[in-house]
1. Does at least one position in the stretch 86-100 carry a residue that is surrounded by 15 or more Cβ atoms within 10 Å (Cβ to Cβ), at pLDDT 95 or above and aromatic (Phe, Trp, Tyr)?
2. Which residues, taken from the stretch 202-229, are within 18 Å of PHE153 (Cβ to Cβ), open to solvent by 50 Å² or more (accessible area, probe 1.4 Å) and under 20 Å from the mean Cα position of the chain (by Cα)?
3. Suppose we filter ASP58, ASP139 for residues that are of a type in the set (Asp, Glu), modelled with pLDDT of 95 or more and open to solvent by 10 Å² or more (accessible area, probe 1.4 Å); which single one remains?
4. Looking only at helices (runs of 4 or more DSSP H) that fall completely inside the stretch 1-79, which ones have 2 or more residues that are farther than 29 Å from PHE193 by Cβ?
5. How do the pairs read when you match residues in the stretch 54-72 that are over 26 Å from VAL113 (Cβ atoms) with residues anywhere that are modelled with pLDDT under 90, using Cβ under 7 Å and keeping only pairs 6 or more apart or on different chains?
6. Name every residue in the stretch 177-204 that is hydrophobic (A, V, I, L, M, F, W, C) and farther than 28 Å from VAL76 by Cα, in order of residue number.
Amino acid sequence: MLSDCDEVIDLLKTKKRKVDTMEDKLITKKHHVAVDAVLNVVPLTDQDVLNLMPAKGDQYPHFTQALFKNHIPDMVQTREAMEEVCETLVSNDHSNGGMFSVSGKGSMFESFVDKTVLGSGGRVTVSQQGQMNQTRSSDSYDSATQTLYDAKFYYTKVPLGTNNNQHDDYVRILQKGYTGDGGEKISKVCYVFPGKRQAELNTHLKTKVGGGKEVQVAYVSKGTNPQLKYV
């Protein structure tokens, strides 16, 4: 098992991988403290690293994506375990502004919701059009219910203007009948939070658009086989 970032970097060096950026980000900029803490919660083996990362190119972005978007969501199968990993990452993040953990916890929770809770529905992109503020990409999608999912690892109330007025864009997508770039129809948008308390703090996001279209708010249930619960 790899217990810290030094061991990950040493492993990659033995394989002649490019680790300059990894050493800068993980060691110089202190991201390693948070990653080391996470590696004590979720096991990572030499083979995991080699299987998840390509043999060429700058290894740092591949490592963080492999860890946060692939390995941890595949290893962690309950909401409680996912929350523990996210909280470990945040509490040990001593980087400038704590932005490393903000991005990391978001990636982990998004992938966990898509893979473990929803069964890998895939992403849908709706290109900017009309009065939309920007192009929007979902964290998951269910073609049977035509639902676009947006996972939010927030413990606080999400302002309506978050992410360049994302909520307004979702309402516009529903009102105007905009489809995904692959022709995917969208009848519902569902914000997914880690727990019931967090979802109840964000019921202001719920919006009825008409014609059965709406913005919903849900959370992930506890225990094995986690499911969505709506508020």
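The values are calculated or read from the model by the stated rules, or taken from the named source; none is laboratory data. Quick caveat, the model's predicted, so the values are computed rather than measured. Positions of Cβ are generated from backbone atoms using ideal geometry, with glycine treated the same way; all protein chains shown enter the neighbour counts. For the accessible areas, the whole protein counts, side chains as well, though only heavy atoms, and no ligand, DNA or RNA atoms are used. Shrake-Rupley method; radii C 1.70, N 1.55, O 1.52, S 1.80 Å.
1. no
2. Correct list: LYS222, GLN227, LYS229.
3. After ruling out the rest, the residue left standing is ASP139.
4. 5-14, 46-52, 59-65
5. Listed pairs, sorted by first residue: GLN59/MET53.
6. The answer is ILE186, and nothing else.
Rundown of residues vs (1) touching a residue at least 60 places away in the same chain (Cβ under 8 Å); (2) assigned to a loop (DSSP other than H, G, I, E, B), yes/no style:
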position	(1), (2)
LEU89	no, no
HIS94	yes, yes
GLY97	no, no
PHE100	yes, no
SER111	no, no
GLY119	no, yes
GLY122	no, yes
ASN133	no, yes
PHE153	yes, yes
